[in-house]
Structures are given as structure tokens and as C-alpha cells.
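Structure first, then comments.
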Amino acid sequence: IPLRVLGFTPPASWSWLWLPVAVLGAYGAIFAYALVVIAIGQLTGADLAWLREGNQIPREEFRTPVVTALLGTALMVAAPLAEESFFRALLYRGLAARLGHLPAMVASGLAFGLVHLNWSVLVPFWCVGMLFAWVYRRSGSLWTTIAAHAIVNGLTFVFTLYGVRP
């Protein structure tokens with residue numbers, strides 16, 4: 001499959017607007033999920049701390065400058081390229097051709113959430129996956145979602161390093 005068919009093309013001139021939509025939408029999904037979990041916990045008295053864990057960075061004893069740099073590079077370069085190529089360019093695109101756009105967004109978003117192997121991020125990452133599939137379709141460029149994914153991962157990595165949590 002040629003790279004241009006997968007979406008490795010520049011966005012149309014107006015498509016740069018999809019980048020902030022993707023980034024703000026991703027954080028909106030994550031924060032909305034956090035608020036729902038907190039509200040359910042408050043209303044029911046249930047201990048839902050396991051749903052607020054999120055993805056963790058290595059423990060303090062492993063947090064050396066080299067490990068931090070490698071992890072940052074993996075999160076801001078490798079993960080966005082690999083995940084967007086697979087989940088949007090291949091999976092979403094293939095499913096959309098067979099099932100239609102909405103079922104493909106739901107299925108590829110769910111797969112994106114599941115692959116992170118963490119129940120506490122399944123729902124928000126499912127929503128982010130669906131949003132990124134929608135943005136990929138609207139912008140016509142995989143670079144838009146790769147950039148959004150890199151920004152979200154990069155900001156979240158920095159927030160996590162400094163102990164900032166929703």
C-alpha cells in the first residue's frame with residue numbers, strides 16, 4: 001500500500017485546525033472520564049482508585065536521565081508513529097472500507113484502548129482512539145493524528161514526571 005494512500009500526505013490547507021481539535025478533544029475525554037470516576041466514587045462510596053491509576057512511568061530508582069530520555073522518545077516519536085500507522089491507517093481504514101466509518105471508529109478505538117493493557121485507561125483511550133479516527137478521516141492526513149498523539153503523549157509525560165494528575 002503506498003504511503004500516500006495510508007494518509008502520509010500533508011493535510012489540506014484548512015486541515016491544520018484538526019490538530020487542536022484532536023489534542024483538546026483527547027484531553028477533554030481524559031478529564032471527563034476522570035470526573036465521572038470521581039463522581040461515581042463520591043456518590044457510591046466505592047473505592048475506584050484503580051480506575052485513576054493511569055499509565056505509570058518507571059519507579060524512582062529507574063528514573064535516570066537515560067531512561068527518561070528513552071521513555072520520552074518512545075512516547076513522543078515511536079508510539080505516535082507506530083500506533084497511528086496501525087490503528088488509523090491500517091485498522092480503521094480497512095474496517096471503514098468493509099463496515100462503514102462509524103463501526104470502524106468504534107472498533108479501532110476499542111482496539112487502541114485495549115492494546116494499552118491497562119483497565120484504568122481503556123474507556124478514555126477508546127474515546128481518544130475514536131476521536132483520532134474521526135480526525136484522520138476529516139483531515140485526510142495521518143500526520144495530523146501523529147502530531148496530536150505526540151503532543152498528548154509529550155504533555156502527559158511531562159505532567160507525570162512532575163506529579164501533575166487530573
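The values are calculated or read from the model by the stated rules, or taken from the named source; none is laboratory data. No experiment lies behind these values; they were computed from the predicted model shown. Quick reminder, even Gly has a Cβ in these numbers, built from the backbone with ideal geometry, and neighbours come from all protein chains shown. Surface areas here come from the heavy atoms of the whole protein model, side chains and all, with no ligands, DNA or RNA. Shrake-Rupley method; radii C 1.70, N 1.55, O 1.52, S 1.80 Å.
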(request) Filter region 140-166 down to residues that are more than 21 Å from Glu60 (Cβ to Cβ), modelled with pLDDT under 85 and hydrophobic (A, V, I, L, M, F, W, C), then give me how many there are. (result) 0
(message) Kindly evaluate Thr64 against the criterion of being within 19 Å of Val158 (Cα to Cα), open to solvent by 30 Å² or more (accessible area, probe 1.4 Å) and among the polar types (S, T, N, Q).
(response) yes
(request) Restrict the check to region 84-92 and report whether at least one residue is charged (D, E, K, R), open to solvent by less than 30 Å² (accessible area, probe 1.4 Å) and under 22 Å from Ile1 (Cβ atoms). (result) yes
(request) Pull up region 28-53, narrow it to residues that are crowded, with 17+ Cβ neighbours inside 10 Å and in contact with a Leu (Cβ under 9 Å, 6 or more places away or on another chain), then point me to the one that is nearest to Trp126 (Cα to Cα). (result) Ala29
(request) Could you check how many residues of region 109-135 are in contact with a Lys or Arg (Cβ under 7 Å, 6 or more places away or on another chain) and polar (S, T, N, Q)? (result) 1
(request) Could you list, in sequence order, all residues of region 117-135 that are part of a helix (DSSP H, G or I) and aliphatic (A, V, I, L, M)? (result) Val121, Leu122, Val123, Val128, Met130, Leu131, Ala133, Val135
(request) Only residues that are open to solvent by 40 Å² or more (accessible area, probe 1.4 Å) and out of contact with any Gly (no Cβ under 7 Å at 6 or more places or on another chain): list them for region 10-27, please. (result) Pro10, Ser13, Trp14, Trp16, Leu17, Leu19, Pro20, Val21, Leu24
(request) Go through the residues of region 97-112 one by one and say whether even a single one is basic (Lys, Arg), open to solvent by 40 Å² or more (accessible area, probe 1.4 Å) and either farther than 30 Å from Pro2 by Cβ or out of contact with any Phe, Trp or Tyr (no Cβ under 9 Å at 6 or more places or on another chain) (or both). (result) yes
(message) Please go through region 136-166 and give me each residue that is outside any helix (DSSP H, G or I) and either basic (Lys, Arg) or open to solvent by 30 Å² or more (accessible area, probe 1.4 Å) (or both), ordered by number.
(response) Gly140, Tyr162, Gly163, Val164, Arg165, Pro166
